[in-house]
Structure formats: C-alpha cells, structure tokens
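Enquirer: Mind looking over this structure? Questions follow.
The values are calculated or read from the model by the stated rules, or taken from the named source; none is laboratory data. The shown structure was predicted, so the numbers you read here are calculated from the model rather than taken from an experiment. Glycine gets a Cβ as well: all are built from the backbone with ideal geometry, and neighbour counts include every protein chain shown.
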Amino acid sequence: MFTVYGFPNARSSRVVWALEEVGAEYEYVYVDLKAGAGWQPGYLALNAGGKVPTLVDDEFVLTESGAICTYLGDRFPATGLTPPAGGQARARYNQWCYFVLSEMEQPLWTIGKHTFALSERWRVPAVLDTARWEFSVAAKVLAEGLGRREFIAGDRFTAADILVAHTLAWARAFKLPLEHDNLESYAERLLARPAWTRAREREQAEARAESRS
C-alpha cells in the first residue's frame, strides 16, 4: 500500500487526487507544515526539502507532485492517467506537465511566498504585480493550447489535467481571474470530478483527526 505525506490545499492534493483516480489504497500521513513538522529530522530523512508531497511505495520514496502523479499513472496503466511512454501522446503529456510546473505554478507560488509563506523579513511586495502579469501570460498560452478540447493533453483525462486544474484552483484561491472562457469551463469540469472531491475530503478529515489527537 502507498503512503502519502501531505497537507491540505498544498501540492499533496494532486497526489491524493491521482490516487483516488486510479483507485489505489493508501495511507495518508498529515504533515503539519504550519507547526514546522516538515523540518523535523524524521520527515527530512524522507524529503530533504521539508515540503509535501512525499510518496512511499514499499521502500521506494518519491517527491515532487508531477513525478509522483506520473509514477502512479504508469503503475496503473489501465486507468489511462498517463499515455504510454515513447509516443507522441506521452510527449504532449510531458509538454503540459512541464509547462504548468515551470510557467503557470511559479508566479502563483511567488505570490504565495511574498504574501504568507515567507517570513515578513523576506517578502518583497513589489514583485506581486509582476507575478500576476506572468500568470496572465501563462494562462493565455494554456487557453490557446486547450482550445475547445475537454482535456489538455488529448482526448482523455490524464495526470496533466490534475496538475493544470489544481493550479487553476490555486489561482482562484488567490483571486486571480482566469481571463478565458475555455479555462473557466475547463476548471469547472475538472474540479467537479468525484475523485477530486474525495481527495479534498480525505485530506481535510485527516487534518481534523490529527488536530483532535
């Protein structure tokens, strides 16, 4: 059985979503990032960055949400969560995974760091307008790439959609407009998937249980 270390509304939500999509059994370990649990020696032995997610599969330990979602798709090929390696469909899938992690997520994380994640000493408020503009540019690229398709990397749902939709959910949480009708409808469709609902409920339930213990 898989073990995923996570914190609600963080990148670990993508991994829990992927686990729910493939129907895998998993244990969820709540890492209270606000209380500094990510920097405890036991957790740092699993994830040297002190962040979530971390996936443990027997003795195999994997970090980075994009890598984990792709690994899960490859572990459960019948689900179609990842296209088969070696073909153009996989190349297109990789393109959008890399794009969302390098171009779309980064301005949002910049906003997060300079509004709440970093200590006030290291926050630079002047960078926020630039980050919002960078997200707008990336959203335009995504909108053009998506076009009228239902899914970002082809004709079926993949882990690339998990990464993109979760990032769009972050944008909404930061009150950033998506600016394109096809992105709005795409986000509505993807964030209405039952597996995403189950993922959110699982993380929130685990956090509540931990707070009561």
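Enquirer: Across segment 148-162, what is the total count of residues that are out of contact with any Leu (no Cβ under 7 Å at 6 or more places or on another chain) and under 21 Å from L108 (Cβ atoms)?
Expert: Of the residues in segment 148-162, 3 are out of contact with any Leu (no Cβ under 7 Å at 6 or more places or on another chain) and under 21 Å from L108 (Cβ atoms).
Enquirer: Take residues that are touching a strand residue (DSSP E or B) at 6+ places or on another chain (Cβ under 9 Å) and at pLDDT below 95 and tell me which of the helices (runs of 4 or more DSSP H) falling wholly in segment 112-213 contain 3 or more.
Expert: Ranges flagged: 194-212.
Enquirer: If you don't mind, there's one more thing I want to ask. Would you mind telling me which numbered condition in (1) basic (K, R); (2) more than 30 Å from R132 (Cβ to Cβ); (3) touching a residue at least 60 places away in the same chain (Cβ under 8 Å) R92 fails?
Expert: So the condition that R92 fails would be (2).
Enquirer: Which pairs turn up if I take residues in segment 21-38 that are free of Cβ contacts under 8 Å to residues at least 12 places away in the same chain and look for partners that are surrounded by 11 or more Cβ atoms within 10 Å (Cβ to Cβ) with beta carbon separation below 8 Å, at least 6 apart in sequence or on another chain?
Expert: Going by the 8 Å Cβ cut-off, the qualifying pairs are A37/V31; A37/Y43.
Enquirer: Considering only segment 26-75, give the strands (runs of 3 or more DSSP E) lying wholly within it that have at least 2 residues that are surrounded by 15 or more Cβ atoms within 10 Å (Cβ to Cβ) and of a type in the set (F, W, Y).
Expert: Fully inside segment 26-75 and qualifying: 26-30.
Enquirer: I need the full set of residues from segment 78-101 which are in a helix (DSSP H, G or I), surrounded by 11 or more Cβ atoms within 10 Å (Cβ to Cβ) and of a type in the set (G, A, S), in order please.
Expert: Listed by number, the residues that qualify are A89, A91.
Enquirer: Has segment 8-23 got at least one residue that is in contact with a strand residue (DSSP E or B) (Cβ under 6 Å, 6 or more places away or on another chain), outside any helix (DSSP H, G or I) and farther than 21 Å from F116 by Cβ?
Expert: Looking for residues that are in contact with a strand residue (DSSP E or B) (Cβ under 6 Å, 6 or more places away or on another chain), outside any helix (DSSP H, G or I) and farther than 21 Å from F116 by Cβ, one finds none in segment 8-23, hence no.
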